[in-house]
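Below is one structure; the comments refer to it alone.
Nothing in this text is a laboratory measurement; each read-out follows from the coordinates by a stated rule. What you are looking at is a predicted structure, and each value in this text was computed from that prediction instead of being measured. Because the Cβ atoms are built from the backbone with ideal geometry, glycine has one as well, and the counts that use them run over all protein chains shown.
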2 protein chains.
Amino acid sequence: MGTDMERAGTDIAADQIARPAPVPLRELSRTVRRSELGPRIGEAVLETADGERLVRRFLHTPEVVAIVAVDGDDLLLIREYRAAVGAPVVQLPMGKVPAGHAPLDQAKAELAEEVGVEAARWTGLARLYSCPGWMDQVLHLFGASQLTALSRRADSGDPDDIEEQGIEVVRVRLDRFPAEVASGRIQDARTIAGVYTAAAAGFLDLGRPADGEAKH
Amino acid sequence: MGTDMERAGTDIAADQIARPAPVPLRELSRTVRRSELGPRIGEAVLETADGERLVRRFLHTPEVVAIVAVDGDDLLLIREYRAAVGAPVVQLPMGKVPAGHAPLDQAKAELAEEVGVEAARWTGLARLYSCPGWMDQVLHLFGASQLTALSRRADSGDPDDIEEQGIEVVRVRLDRFPAEVASGRIQDARTIAGVYTAAAAGFLDLGRPADGEAKH
């Protein structure tokens, strides 16, 4: 099947991403300040080719980790209340990386705290941007497999994290994940991106038949 | 293949999402204020079952639209400089929905401004959360097909939007999209989520062979 119109745009290619920014903007400075309302706000001052200065502000967050944990034919997700949207959200286990910590160590801690399992096998999958039009957050995506249940969930050590105390673990069969997305029962963009990125990287197979349906 | 451990967690089910929040938190109030640094900060005051009050702050944004535009075997993406991450990002065409506007109308406007095409066919695909741990943003995902190139890109009318003026249109063959994600050339979580949600909903087929490779 051909295209519906004359070709507009260029093909994506390895060197396209490495090329300079599409507009010649030079970053003069980057600062972060805590706003009086809590969250930190980053500010980038840019200079155009004409010497004009622009200011762009965004939410500054720590880097985060998200874990795609696979147990047999199941994906282990969590269900947690999210005040920003005023509703519980089904999502990957995720957490902030404290300054000076390695993302992989934090991924192990989050999996123990939020899901109550540890993994014998860890795979670095991707480095994503959560929402680059609005925030600087970098998300480190890991795959976790060969899981063992802990006797109880690890304690995050933060008594104020009421939401984390109420986390429920939710299992989704891998081959059911696309249907859960299509149905709107999974609405979190980072979770959808994380699971499909894991599939694209060959870490899991969303078409894999479940027990008793194996095609050999 | 069985699971590696005793089953932890519950299976996802339609009624699980409709159930009450996993922690009994009642929202007492929700307010939005402009911080002195620019972005708006939302604040939710919650009450626990014990009568304790909690405050949760988050970035408040307008709702946004994102468009999965398919031209034959190609997906039309854009490449735009994003100051928050200090780099150009390959992503879906996206934009804010001004107060009082319908998301579909804004999707049509963004496709004309950012890609320079109009679509004869529009499909509502999903309502996603961009990043619900940090912001309240709701993303309306649309599919656009039966495209026609405009003689030139529509003007957003905002002379300060230097980044939008520098947008490049990038074509990705549908069956190449997973490889572009796996390679790290596409890193934007909302874009990955949006394209795979469109596939899960049956709007496009990421395994579809391109011209000349059709298997009939």
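Side notes on the structure shown:
- Note on A:64-72: average number of Cβ atoms from other chains within 10 Å of each residue's Cβ is 2.
- Each stretch of four or more DSSP H residues adds -39500 (n - 2.57); spread over every residue of the protein assembly as shown, this sum gives -4000 deg cm²/dmol at 222 nm.
- Pairwise Cα distances in chain A exceed 29 Å for 39 percent of all pairs.
- Here the convex hull built on the C-alpha positions of the protein assembly as shown has a volume of 156 cubic angstrom per residue.
- Bridge type composition, the stretch B:64-200 - antiparallel percent by DSSP, nearest 5: 80
- Candidate cross-link partners of A:LYS96 among the aspartates and glutamates, defined by an alpha-carbon separation under 12 Å and a same-chain spacing of 8 or more, comprise A:GLU63, A:ASP105, A:GLU110.
- Efficiency of FRET between A:ARG127 and B:SER29 - r from beta-carbon atoms, R0 51 angstrom, step 0.05: 0.85
- For A:ALA179, inter-copy label distances in nm, listed shortest first [label point 7 Å out on the Cα-Cβ vector]: 3.1
- Between identical copies, the spacing of A:GLN146 label points, each set 7 Å from Cα toward the C-beta atom, reads 5.4 nm from nearest to farthest.
- Peptide-level mean, for A:138-145, of C-beta atoms on other protein chains within 10 Å: 1
- Modelled spin-label separation between A:GLU52 and B:SER156, with each label point placed 7 Å from Cα along the Cα-to-Cβ direction: 1.3 nm.
- For the stretch A:109-179, averaging the sequence separation of C-alpha pairs within contact (under 8 Å, six or more residues apart) and dividing by the residue count gives a relative contact order of 35 percent.
- Going from the residue with the fewest nearby Cβ atoms within 10 Å to the one with the most, B:TRP122, B:TRP134 rank B:TRP122, B:TRP134.
- Percentage relative contact order, chain B, counting C-alpha pairs under 8 Å, at least six apart: 19
- What you get for the stretch B:14-60, charging only the Cβ of Lys and Arg (+1) and of Asp and Glu (-1), is a dipole of about 260 debye around the Cα centre.
- Nm distances between copies for A:GLY51, ranked from closest, using label points 7 Å along Cα→Cβ: 6.7
- The relative contact order of the stretch B:14-60, computed from alpha carbon pairs under 8 Å that lie at least 6 residues apart in sequence, is 31 percent.
- Among B:THR197, B:THR31, B:THR61, residue whose mean-square fluctuation peaks in a GNM of chain B (springs only between Cα atoms under 10 Å): B:THR31
- Computed over the stretch B:14-60, Cα set: Rg, Dmax in Å: 13.7, 43
- For the stretch B:76-137, the fraction of alpha-carbon pairs in successive 5 Å shells from zero, as %: 4, 14, 19, 26, 23, 11, 3, 0
- Ascending count of other beta-carbon atoms within 10 Å, so fewest first, for B:SER156, B:SER130: B:SER156, B:SER130
- Spatially, the stretch B:122-174 and the stretch A:81-112 are offset by 28 Å when compared through their Cα centroids.
- Selected from A:VAL89, A:VAL64, A:VAL117 as most flexible by GNM, with chain A as the system and alpha-carbon contacts under 10 Å: A:VAL89
- Among B:PRO132, B:PRO88, B:PRO20: highest mean-square fluctuation, GNM of chain B, C-alpha pairs under 10 Å: B:PRO20
- Footprinting exposure proxy for A:GLU43, B:GLU113, A:GLU27, A:GLU110 (fewest neighbouring C-beta atoms within 10 Å first): A:GLU27, A:GLU43, B:GLU113, A:GLU110
- When the protein assembly as shown is described by a simple charge dipole with +1 on each Lys and Arg Cβ and -1 on each Asp and Glu Cβ, the residue from B:VAL172, B:ALA201, B:THR61 located farthest towards its positive end is B:THR61.
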